[in-house]
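Every number in this text was worked out from the coordinates using simple rules, so none of it is lab data. From a predicted model like this one, the values you see are computed outputs, not experimental measurements.
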Amino acid sequence: MAMGMLALLTGMWAGLLRRGWNVPIPRPTLVLAHGPFMISGFLGTLIGFERAVALGRQWAFAAPLCSALGAVALFTGAPAPAGRC
């Protein structure tokens, strides 16, 4: 859940950058990553985690973990194939 929250906050930060706010920017490509952070990073992690809990199986947690790790890879500037888990 912490990784999902990190993706949410980063996506909101990127959204502020897209709106033209003057906030510090760690990487110039962060502005373009607003959509992937919000959809894949936050919603993919949150909804996947919710479904994994409802399913009650250990293997079901692999999908939200991969979604969260993809958001972390996007934030750290890893090459594009690294974020496709």
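Give me the angle, in degrees from 0 to 90, between the Cα long axis of helix 2-18 and the longest principal axis of the Cα atoms of the chain, rounded to the nearest 10. The answer is roughly 30 degrees. Helical content of the chain, expressed as a calculated mean residue ellipticity at 222 nm, amounts to -17000 deg cm²/dmol (DSSP H runs of 4 or more residues, -39,500 (n - 2.57) each, divided by residue number, nearest 500). Where does helix 45-55 land angle-wise versus the long Cα axis of the chain, in degrees 0 to 90, nearest 10? So the helix axis and the longest Cα principal axis differ by about 10 degrees.
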